Amino acid sequence: MTAANPPERTDVHLPYATAANGETLSWNISSHAAWSHCLIVGPTGGGKTSVIRTLLTQAARRGIPFAGIDPKTIEFDGLETEPNCVTIMGDALRAAEFIRALHCEMHARVAWVQENREQPTDLQPLIVAVDECFILSGKWQRLAKTGDDETREQLKELDPLGAWADLAVLARSAGIRLLLGVQRPDASLFGGASGNARDNFGTRISLGNLSQDGALMMWGDSTVGREVDTSVKGRGIALGDDGRPTAMQIRTPEQALAETTFTPMTWYSRELPNFLDNASRGD
Ligand SMILES: Nc1ncnc2c1ncn2[C@@H]1O[C@H](COP(=O)(O)OP(=O)(O)OP(=O)(O)O)[C@@H](O)[C@H]1O
Ligand SMILES: [Mg+2]
């Protein structure tokens, strides 16, 4: 598939939960969706990986390509055989290379839109999931300090944290959707103390109970998500269609769609397909 002939794009909603009022909650990953990234917050064992797997399985079977970074290296086992899985990786250095290549892909996508006078909605959506993104950034920071000379040099050149910061701001308009799992909300995800980047994550999910600060960061209200029934797995709060936080129950991956559509991948950069070629050859 060449970028010159983009396939028709339609709205894609990935259902993940049932709200208290019975409504189905979905992650809208359509290119024109104003709120496109998805953030999942939950304590250890709270069900973060399960939601990410549910969403990726749903996406894969609807023909949406995805890539997964799993610094714990066991959370995404089996997902590599899903259709439209671009790559799954656990190694921090490899993830740094991927993030740098994704950064190139993002800029190539924006350039493609400008040069061809197309709309960002014509870009093929790509989901990039990072389970435990603070474990990943912690690994990068440790490697940059204590890695061998070659690793430190490589990381300096790749500057994955710099690339990541750009992606957080610009990926939305390049059809790249981030799906992040973290143990607790952190101001750095929301644009620092101002919190003005919170709406970047139009889909927000908190599993189990939040601290007062966490509730304020996630929901703008220190009382929301403080009294969740933690005896039931997958219980928590998410944004409803009306944009308000609502109590919900996550669905399991087994409840994802069974039918499969395979979508040829459109790349806009050289760097990302090169990275993937090398990764598949085990370089
Ligand atoms: N919606 C759900 N319904 C039923 N069981 C669930 C649900 N969500 C998670 N579980 C179960 O709860 C356990 C923990 O879930 P999961 O591994 O997704 O949590 P996690 O937040 O990723 O934990 P960790 O921090 O250890 O990575 C798993 O055994 C999983 O099968
Ligand atoms: Mg997990």
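A compact table of results
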item	result
Assigned charges on the beta-carbon of Lys, Arg, Asp, Glu; region 101-228 dipole about Cα centre (debye)	300
Gyration tensor (alpha-carbon) shape descriptor, region 72-131, a/c threshold 1.5	oblate
Apportionment of accessible area to carbon and sulfur, the chain, percent (1.4 Å)	48
Residue among Pro273, Phe76, Leu155 farthest towards the positive dipole end of the chain, charges placed on Cβ	Phe76
Extension gain, Asp186 back to Val169 (0.36 nm per residue minus Cα-Cα distance, nm)	4.5 nm
Cβ-Cβ FRET estimate between Ser26 and Gln141, R0 fixed at 41 Å, reported to 0.05	0.70
Contact order relative to length of the chain, as percent, for alpha carbon pairs under 8 angstrom and 6 or more apart	30
Loop-resident sites, region 16-115, for trypsin sites (Lys or Arg not before Pro), counting at most 14 other Cβ within 10 Å (DSSP)	Lys72
Proximal lysines relative to Lys233, as straight alpha-carbon distance under 16 Å, when same-chain residues fewer than 8 apart are discounted	Lys48
Most positive-pole-ward Cα, Ile250, Asn21, Ser137, against dipole of the chain from beta carbon charges	Asn21
Beta bridges per DSSP with both ends in the chain, % antiparallel, nearest 5	40
Cα centre as origin, Lys/Arg/Asp/Glu Cβ charges: the chain dipole, Debye	460
Label point distance in nm, Asp242-Arg94, each placed 7 Å from Cα along Cα→Cβ	4.6
Gaussian network model of the chain, springs between alpha carbon atoms under 10 Å - residue of Pro43, Pro71, Pro185 with greatest fluctuation	Pro43
Mean separation of Cα contacts under 8 Å (6+ apart) over length of region 108-254, as relative contact order %	17
For region 35-281: accessible area per residue (Å², 1.4 Å)	46
Cut-off 11 Å between beta-carbons: net charge of the residues surrounding Leu180, Lys and Arg +1, Asp and Glu -1	0
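The values are calculated or read from the model by the stated rules, or taken from the named source; none is laboratory data. This structure is a prediction, so every number in the text was calculated from the model and none was measured. Please note: Cβ atoms are built from the backbone with ideal geometry, for glycine as well, and neighbour counts cover all protein chains shown. In case anyone asks, the SASA skips ligands and DNA or RNA and just uses the protein heavy atoms, side chains included. Shrake-Rupley method; radii C 1.70, N 1.55, O 1.52, S 1.80 Å.
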